[in-house]
Structures are given as structure tokens and as C-alpha cells.
1. With the requirement that a residue be of a type in the set (Ser, Thr, Tyr) and surrounded by fewer than 16 Cβ atoms within 10 Å (Cβ to Cβ), what does the stretch 257-297 give you?
2. Can you tell me which of (1) surrounded by fewer than 16 Cβ atoms within 10 Å (Cβ to Cβ); (2) of a type in the set (Gly, Ala, Ser); (3) more than 39 Å from the chain's Cα centre (by Cα) is the one ALA155 doesn't meet?
3. Would you check if LYS228 is modelled with pLDDT of 90 or more, basic (Lys, Arg) and assigned by TED's automatic domain parsing to the domain that holds LEU323?
4. How many residues does the stretch 188-201 contain that are closer than 16 Å to LEU246 by Cβ and surrounded by 15 or more Cβ atoms within 10 Å (Cβ to Cβ)?
5. Go through (1) more than 18 Å from ARG288 (Cα to Cα); (2) assigned to a helix (DSSP H, G or I) for HIS257 and report which single condition fails.
6. One residue is enough: does the stretch 115-124 have a residue meeting the conditions at pLDDT 85 or above and of a type in the set (D, E, K, R)?
7. For the stretch 199-239: of the residues being acidic (Asp, Glu) and within 24 Å of ARG327 (Cα to Cα), which is farthest from the chain's Cα centre (by Cα)?
Amino acid sequence: MPGTAVDGLEHSAAFLRSRNRLLAALLMLGGTAALLVAVLNPDPATRGPVPLAIAAGAFLLGIVCLSQSHRFPTVAVLPLALLGQLASTALAWSAGSFEVSTGTLGYSYVWTCAFVAYFLPWRQAVFNLVATLSLYAAWLATSTPSAVARPRWIAVAGVLVVLTLVIGKLRDEVQRLVGELGREARNDPLTGLLNRRGFLEAAEVELARAVRTGAPLSVLAVDVDHFKLLNDGFGHPAGDAALEALGALLLGLARSHDLVARTGGEEFSLLLPGTDLSAAVHVAERLRHAVQDLSAARPLSVSIGVDVLEPQQGDRELDDLLLGADRALYRAKEHGRNRVEVGPPHPQHPQPEPGPAATDRLH
């Protein structure tokens with residue numbers, strides 16, 4: 001929908017880096033713990049090459065993951081987590097009687113299950129849980145008397161199931177709150193449109209796409225004429241109602257991939273991807289005529305400034321584009337308001353014919 005912000009924990013680069021670094025830390029911590037167990041265990045068998053190799057391998061894998069935390073693929077996260085569970089199980093097998101008597105293997109599973117439940121979707125968290133409990137069951141079946149194995153598996157399974165459910169629910173709640181905060185930070189509460197921050201973030205993405213593809217990119221700076229008179233004469237509720245109506249009109253006229261924002265008190269901006277100067281001016285004129293048909297406490301009109309990034313202007317920054325539209329808007333105000341002006345790089349445009357009714361789309 002035009003004028004809405006994109007949110008979601010999984011789409012944050014900082015979130016992904018944090019997740020990857022934590023996974024690396026868990027692997028390194030697991031390797032360190034395994035080395036300590038081997039050193040502190042009085043059974044010389046635990047100091048053999050197999051447990052030491054497993055511990056060292058986990059630690060080195062953690063170092064590699066830490067060094068590549070900014071770029072290793074998301075699809076590798078679950079396999080690496082399962083590899084950690086497999087390494088813990090293999091270490092328990094190599095520990096022999098010590099592990100059987102102490103039953104510490106179930107504790108090592110908690111770290112990775114908690115990690116997967118928080119950082120990965122439910123389907124992957126459940127898959128990890130089933131795989132982990134299957135590994136634990138296989139280990140118990142081959143190393144522990146059934147009278148001990150059954151209650152031990154049930155106890156560990158209960159802990160891991162509850163842990164996965166609680167952590168997963170916590171993750172859902174955090175995801176919801178982050179989404180709400182993201183929308184509040186990027187959307188205007190009165191009109192529901194993007195605010196200035198949300199508009200600038202999304203506009204940078206569109207500008208990069210336009211430069212990459214060579215498509216034109218137009219921006220409209222829209223300002224309500226004599227808005228203070230409306231507020232002073234009819235009260236702020238009437239002014240808010242007019243702004244809400246104008247926001248709804250802009251959303252109704254915009255295409256699904258256009259950006260619509262309220263960037264100031266009575267100021268609005270539209271970003272029109274794939275729209276050249278002639279089409280952008282035509283859009284502005286149709287918008288100007290449509291605003292005059294709005295039902296408000298007093299007749300409304302808008303002044304509009306237009307600027308465009310043409311394919312041959314790939315070196316222009318977003319600030320330049322917005323500044324060009326703002327300067328054109330100021331000229332529209334100076335020349336009598338209720339008119340459209342074009343940014344400095346472009347010749348004066350001819351006035352297009354009035355467009356169709358306000359209920360039509362912009363293009």
C-alpha cells in the first residue's frame with residue numbers, strides 16, 4: 001500500500017548480525033565448556049583425541065562464524081545450530097560412563113534450543129526441537145538403562161518443549177512491538193501516511209533503484225494554501241479534518257508503488273517512480289483540481305512544486321531532488337498559489353488540460 005512503512009525483525013541488518021554473532025558465541029562457549037569437562041573429568045578416556053577434536057572443532061567453527069557474521073547466509077543458521085546439538089551428543093558418547101552417571105547432556109541442549117526458538121521461525125524451531133529430542137533418545141537408548149533413560153528423556157523433553165514455547169511466544173511479542181514502534185516512528189498518526197523519516201528512508205531506496213535501472217523518478221512537494229486561516233477561523237479540528245481528507249485523497253489517487261507522506265504540518269510529498277517530468281506535471285495538475293472538490297470547512301487549494309531525476313542525472317542526491325521540488329513550491333506560492341511550478345533544471349512547462357475526476361488513479 002502506498003505511504004506505509006516496512007517493518008519486521010528479520011529484515012533488520014543489525015538484527016541478523018546480532019543473531020549470527022550470538023550463534024558464533026554459543027559455538028565457542030560450547031567448545032570451551034567441552035574442553036573444561038575433558039580437563040576436569042577424572043576419567044582419562046575423556047582426554048582422548050575424539051572429545052578434544054569435537055571441542056576444538058566447535059570453538060574454531062565459532063571463530064569462523066564470528067568473523068563472517070555480517071554475511072553468512074540465513075539458511076546456514078539452522079544447520080549450524082543442529083551441528084552444535086550433534087557435537088554435544090557426540091561428546092557425550094565419547095565421555096562414556098561419566099556422562100551416563102551425571103546426565104549433563106540435557107543441559108547442553110538448552111542453549112541451542114533457546115537460540116533457535118528466539119531467532120528462527122516457528123517451523124524451524126519445532127524441527128530443531130524434534131531433531132534434538134531424537135538425538136537425545138538415540139543416545140539414551142544406546143548408553144543408559146531403560147529404567148533411567150525414560151524418566152530422564154521425559155524430563156529433558158518437558159524442559160525443552162516449555163522453553164521453545166515460552167521463548168517463541170516472547171519472540172512473537174517482541175516482533176509485534178517492534179512492528180508497532182516501527183510504524184509509529186515512520187507514519188503520521190493523523191493521516192496514516194508516511195512521516196518525513198519514513199518517506200526519506202523509502203525514497204532513498206527508490207532513488208537507488210532509479211539510478212540502477214535508468215528510470216525517471218519524480219517528486220511532488222504539496223502545501224495547503226492559507227492553512228492558518230482555516231485553523232484560526234474554524235478551529236484545529238476543522239484543520240485536522242481537512243488534512244485527513246487530503247491524505248485520503250492522495251492515497252486514493254496514488255499507485256501502489258508511489259510514496260505518499262505528510263512531511264510537515266500542512267505539507268505533503270509524493271514520490272512517483274518511473275514518472276517523467278511531463279507525466280509528473282500532469283499528476284500535479286490533476287491533484288490540484290481534485291483538491292478543490294474536497295469537502296471542507298472552507299474551500300481548499302494547494303500549491304505544488306515538481307522536480308524529476310532523469311536517467312542522465314544519475315549523480316543527483318535525494319536532497320537535491322527534494323530541494324528542487326521545494327524551490328518550485330516556493331515559486332508557486334510567490335506567483336499567487338493554487339498552481340504548479342517545476343524545479344530549476346527544467347524549462348517552464350505548458351499547463352496541461354484538466355484531468356479526469358478525482359476518483360480516478362493518478363496514471
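The values are calculated or read from the model by the stated rules, or taken from the named source; none is laboratory data. Computed from a predicted model, the values in this text were never measured in an experiment. Because the Cβ atoms are built from the backbone with ideal geometry, glycine has one as well, and the counts that use them run over all protein chains shown.
1. Here is the first cut: in the stretch 257-297, the ones of a type in the set (Ser, Thr, Tyr) are 263, 269, 275, 278, 295.
Listed by number, the residues that qualify are SER278, SER295.
2. Condition (3) is where ALA155 drops out.
3. Details: modelled with pLDDT of 90 or more: yes; basic (Lys, Arg): yes; assigned by TED's automatic domain parsing to the domain that holds LEU323: yes.
So LYS228 fits the description; yes.
4. Taking the stretch 188-201 and keeping what is closer than 16 Å to LEU246 by Cβ, we get 188-195, 199.
Of the ones still in play, those that are also surrounded by 15 or more Cβ atoms within 10 Å (Cβ to Cβ) are 188, 191-195, 199.
Qualifying residue count, the stretch 188-201: 7.
5. Among (1) more than 18 Å from ARG288 (Cα to Cα); (2) assigned to a helix (DSSP H, G or I), HIS257 violates only (2).
6. Of the residues in the stretch 115-124, the ones at pLDDT 85 or above are 115-124.
If we keep only those that are of a type in the set (D, E, K, R) too, we end up with 123.
Yes, the stretch 115-124 has at least one match.
7. Of the stretch 199-239, the ones acidic (Asp, Glu) are 201, 204, 206, 223, 225, 232.
Narrowing the set further to residues that are within 24 Å of ARG327 (Cα to Cα) leaves 201, 204, 206, 223, 225.
Details: GLU201: 12, GLU204: 15, GLU206: 16, ASP223: 30, ASP225: 36 Å.
My answer is ASP225.
So that you can scan it fast, the table gives a plain yes or no per residue for (1) of a type in the set (A, V, I, L, M); (2) assigned to a helix (DSSP H, G or I); (3) more than 30 Å from VAL222 (Cβ to Cβ); (4) modelled with pLDDT of 95 or more:
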position: PHE127; (1), (2), (3), (4): no, yes, yes, yes
position: VAL130; (1), (2), (3), (4): yes, yes, yes, yes
position: ALA138; (1), (2), (3), (4): yes, yes, yes, no
position: ALA155; (1), (2), (3), (4): yes, yes, yes, no
position: LEU181; (1), (2), (3), (4): yes, yes, no, no
position: GLY192; (1), (2), (3), (4): no, no, no, no
position: ALA203; (1), (2), (3), (4): yes, yes, no, no
